[in-house]
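See structure below.
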Amino acid sequence: RASLYTWHRRLGHISVDSVLKMVKKGMVKGMELVGETKQKFQVCKPCLTGKASRKPIPKESDVENPRRLYRVFSDYCGPMPTTARTGHTGFSTHIDGHSSYVDIRLLKHKDEELTEFQAFTEHAEIVTGERMAFLRTDGGGEYTSKVFEAYLKSKGIHHETTNAYTQQENGKAERMNRRIVEIARSLLNDAELPASYWGDAVQHAIYIINRTP
């Protein structure tokens, strides 16, 4: 004989609804609930902590980007379902953390990422007069090869790689790739062009994004 809240505290892993269901269906003997049976469910924080497989990821990043090229976010998108008419199979994005300016590079193979990243870095540093300090990517092989890491080291760029299966840590690049693909798909549908024109569409999507507040 106990209140519903007391039973919930004793059987923390069983929900209030489960306790009520057992009593109503006669699945237990000697249990009698007294008092209010519609008490508010209280979250057991120790239970949540014990069952959590990893710590919660903040909704907003506390990473600061005080100037242009201080931190660049990059990600590869591909291979695409259809090869572009120009022979490209995917693309990589490079996003400035301070200004959110996006640079896109169409790739025929993932191995071309290093060459395209070098071209982007040299051009961006000349145009802005700034030096890149951090590069954040996922753990994809196109970013973690010995040659790629050697280039970053020669430029004095610190490589930040995200944890496996944690796309949120590189959310800026992940969300941008999704936005680019969605705009490109809409452009192709509106123009009634075949999917092989996706390369042209994503480049036009970047033109729009870089000029949109």
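The values are calculated or read from the model by the stated rules, or taken from the named source; none is laboratory data. What you see is a predicted model; the values in this text were computed from it and never measured. Cβ sites come from the backbone with ideal geometry, for glycine too, and all protein chains shown count toward neighbours. The protein model used for the area step is the full one, side chains on, heavy atoms only, and it has no ligands, DNA or RNA in it. Shrake-Rupley method; radii C 1.70, N 1.55, O 1.52, S 1.80 Å.
Confirm whether Leu135 is more than 20 Å from the chain's Cα centre (by Cα) and within 13 Å of Val72 (Cβ to Cβ). Spelling it out, it is not the case that Leu135 is more than 20 Å from the chain's Cα centre (by Cα) and within 13 Å of Val72 (Cβ to Cβ).
To keep it simple, each residue is scored yes or no on (1) surrounded by fewer than 17 Cβ atoms within 10 Å (Cβ to Cβ); (2) farther than 21 Å from His204 by Cβ; (3) in contact (Cβ under 8 Å) with a residue 24 or more places away in the chain.
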| residue | (1), (2), (3) |
| --- | --- |
| Gly90 | no, no, no |
| Ile104 | no, no, yes |
| Val127 | yes, yes, no |
| Glu130 | yes, yes, yes |
| Asp138 | no, yes, yes |
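Applying the selection to the stretch 125-141, what residues are touching a strand residue (DSSP E or B) at 6+ places or on another chain (Cβ under 7 Å) and in a loop (DSSP other than H, G, I, E, B)? Within the stretch 125-141, Met132, Ala133, Asp138, Gly139, Gly140 qualify. Taking the numbered list (1) touching a residue at least 60 places away in the same chain (Cβ under 8 Å); (2) assigned to a loop (DSSP other than H, G, I, E, B); (3) hydroxyl-bearing (Ser, Thr, Tyr) in turn, Tyr197 passes all entries but (2).
Is it the case that some residue within the stretch 107-117 is surrounded by 13 or more Cβ atoms within 10 Å (Cβ to Cβ) and part of a strand (DSSP E or B)? Within the stretch 107-117 (the criterion being surrounded by 13 or more Cβ atoms within 10 Å (Cβ to Cβ) and part of a strand (DSSP E or B)), the answer is yes, since at least one residue qualifies. When Arg68 is tested against (1) modelled with pLDDT under 75; (2) in contact with a helix residue (DSSP H, G or I) (Cβ under 7 Å, 6 or more places away or on another chain), only condition (1) is not met. Only one of Glu116, Glu142 is over 24 Å from Pro66 (Cβ atoms) and modelled with pLDDT of 95 or more; which? Residue meeting the stated conditions: Glu116. Taking the criterion of being within 16 Å of the chain's Cα centre (by Cα), among the small types (Gly, Ala, Ser) and at negative phi, the residues of the stretch 69-107 that qualify are Ser74, Ser92, Gly97.
Pairs are defined by a Cβ separation below 8 Å, a sequence spacing of at least 6 or placement on different chains, a first member in the stretch 8-29 that is farther than 17 Å from Leu48 by Cβ, and a second member that is modelled with pLDDT under 65 and surrounded by 15 or more Cβ atoms within 10 Å (Cβ to Cβ); the pairs so defined are Val19/Leu4; Val19/Trp7; Val19/His8; Leu20/Leu4. Please indicate, with yes or no, whether at least one residue in the stretch 144-154 is of a type in the set (A, V, I, L, M, F, W, C), open to solvent by less than 60 Å² (accessible area, probe 1.4 Å), under 26 Å from Pro81 (Cα atoms) and without any contact (Cβ under 8 Å) to a residue 60 or more places away in the chain. No, every residue in the stretch 144-154 fails to be of a type in the set (A, V, I, L, M, F, W, C), open to solvent by less than 60 Å² (accessible area, probe 1.4 Å), under 26 Å from Pro81 (Cα atoms) and without any contact (Cβ under 8 Å) to a residue 60 or more places away in the chain.
Each residue in the stretch 180-202 was checked for being surrounded by fewer than 15 Cβ atoms within 10 Å (Cβ to Cβ) and either under 17 Å from Thr93 (Cα atoms) or among the β-branched types (Val, Ile, Thr) (or both), and 1 pass.
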